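I have a structure I would like to understand better, so I am pasting it below and will then ask my questions one at a time.
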Amino acid sequence: MLHIFRPYAHPLRAAIAVFLSIILFTLLFGSCSSEPFDPVREGKLLLGTTVNVTLYEEGPDDIFERVFDRVEQIERKMSTSKDDYDTTELLEVNRNAGIRPVRVSADTFEVIRRALEYSELTDGAFDVTIYPLVELWGIGTADARVPAEEEIQERLALVDYRKVQLDREAQTVYLPEEGMGLDVGAIAKGYAADESRRILKEAGVDSALLDFGGNIVTVGEKPNGEPWKIGIQNPEAGRGRYLGILSSGPMAVVTSGDYERYFVQDDVRYHHIISSRTGYPARPGLASVTILTDDSTEADALATALYVMGAEKGLPFVRDRDDIEAAFVTQEKEVYMTAGMESALNVSHEDYEVLPWPAGAQAAAAETR
Ligand code: FAD
Ligand code: MG
């Protein structure tokens, strides 16, 4: 007699089989999905630095490409590097200074609009019209040199953010005097980082880290629930050597300092952050300023501005802003921090000393309130 094996003919047998299948499925596939995802990183040379994107969870196949394309698009619109581009929207605005308003894209308009906002907020410590001086000094290029005093004064007369004319309706920018120029080098990296975060979020990526050479943005939480840990550059050492570690939830962190781009002549270091008051590299007695907030555009602009302002003016400036934390590192290796920064940043390098809020800044803070 032919025996037909009908394994699940009995209801109890069927139930046991289903139960065992579920266990087997869970062991095989369930264990795979709960296994930690190894972070995946890709980098690309953009904006004069390496833009690194690290995913802590899986994203769409083309996600790196999408981010890099967006950053490249921003570079093509806003670069002032004549070696890399015959023209960009920003170069067109500068070339038409004293001639006519230039229509720009929504991106460029937005960056200039925000740059003007920070120029005003910081009373010109950040000045988006610094371009004539940046071009004259050429710091970071093969033409870097100490200009003659007359050249500096001539260019200084062209720097004044209050003269920039924006027309929101027409989306145009006008520089009313020949020789004027815009430079968004101190803010557009932050904007590109914010845009990259937006792209990742829209693609459903909930855990990632963006590093734009000193501009860090985190996306969501770390998969293990621990805070993000970011190394803050030691201004005295090369890239990758840390002053301390900053631990925080989702954030944007930007550090500006005199160590990024500079040349030395007769033992004097001439660096790339220029004072719109003197026309020379700013000498605030600082080595660096780190800003912690959740908006990278703002962090970028303020890191540069507060570096120019120095600790005495800068500390009172950030003191009353709940949404901004700052660390000021002086040339003497002293570190002054806002309360929120102090609880986030562990200054571990033995050469640096964390000091309480200086008395001078207390007084200035009282005056500004
Ligand atoms: P930050 O402090 O954020 O900015 C300093 C820069 O801001 C200076 O280099 C100057 O450009 C400008 N600046 C100086 N003083 C002031 C001031 N008082 N107020 C406002 N702004 C000031 N680098 C390359 O080597 N090659 C490139 O092709 C190149 N292309 C770029 C294109 C774009 C769109 C951007 C945003 C940057 C590009 N860079 C390039 C880098 C750029 O030249 C700057 O060096 C860089 O943005 C400085 O960033 P930072 O974080 O070191 O310093
Ligand atoms: Mg900046």
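How many residues are of a type in the set (Lys, Arg), away from ligand 2 (no atom under 16 Å from the Cβ) and within 25 Å of SER296 (Cα to Cα) if we restrict to region 82-131?
The number of residues fulfilling the criteria is 1.
Going through region 179-225 one residue at a time, which ones are away from ligand 2 (no atom under 16 Å from the Cβ), among the hydroxyl-bearing types (Ser, Thr, Tyr) and under 19 Å from ILE112 (Cα atoms)?
Scanning region 179-225 gives a single hit, SER196.
Pairs, please: C-beta under 7 Å, at least 6 apart or cross-chain, first residue under 22 Å from LYS313 (Cα atoms) and in region 337-357, second part of a helix (DSSP H, G or I)?
From region 337-357, the pairs are THR338/VAL318; THR338/ARG319; TRP357/LEU315.
Is it the case that some residue within region 268-277 is at pLDDT below 95, surrounded by fewer than 20 Cβ atoms within 10 Å (Cβ to Cβ) and either in contact with a Cys (Cβ under 7 Å, 6 or more places away or on another chain) or not in a strand (DSSP E or B) (or both)?
no
Does ASP127 satisfy being near ligand 1 (Cβ under 9 Å from one of its atoms) and in a loop (DSSP other than H, G, I, E, B)?
yes
If ASP206 satisfies every condition in (1) surrounded by 18 or more Cβ atoms within 10 Å (Cβ to Cβ); (2) in contact with an Asp or Glu (Cβ under 7 Å, 6 or more places away or on another chain); (3) not aromatic (Phe, Trp, Tyr) but one, which is the exception?
Condition not satisfied by ASP206: (1).
For residues in region 242-267 being among the charged types (D, E, K, R) and under 25 Å from GLY314 (Cα atoms), which is nearest to the chain's Cα centre (by Cα)?
Ranking the qualifying residues of region 242-267, first place goes to GLU260.
Sticking with this one: So, GLU178, is that one touching a residue at least 60 places away in the same chain (Cβ under 8 Å) and either on the phi < 0 side of the Ramachandran plot or of a type outside the set (Phe, Trp, Tyr) (or both) or not?
So GLU178 fits the description; yes.
Can you name the residue in region 278-291 that is in a loop (DSSP other than H, G, I, E, B) and surrounded by 21 or more Cβ atoms within 10 Å (Cβ to Cβ) and, of all such residues, is modelled with the lowest pLDDT?
Step one: list which residues in region 278-291 are in a loop (DSSP other than H, G, I, E, B), which gives 278-280, 282-285.
With the extra rule that they be surrounded by 21 or more Cβ atoms within 10 Å (Cβ to Cβ), the set shrinks to 279, 282, 284.
Values: GLY279: 98, ALA282: 97, PRO284: 94.
The selected residue is PRO284.
Of all residues in region 173-217, which are of a type in the set (Gly, Ala, Ser) and either within 16 Å of ligand 1 (Cβ to nearest atom) or under 26 Å from GLN233 (Cβ atoms) (or both)? Give the derivation first.
So in region 173-217, the residues of a type in the set (Gly, Ala, Ser) come out as 179, 181, 185-186, 188, 190, 192-193, 196, 203-204, 207-208, 213-214.
Scanning region 173-217 gives GLY181, GLY185, ALA186, ALA188, GLY190, ALA192, ALA193, SER196, SER207, ALA208, GLY213, GLY214.
The values are calculated or read from the model by the stated rules, or taken from the named source; none is laboratory data. Remember, predicted model here, so these are calculated numbers, not experimental data. Note that we place each Cβ from the backbone using ideal geometry, even for glycine, and neighbour counts take in every protein chain shown.
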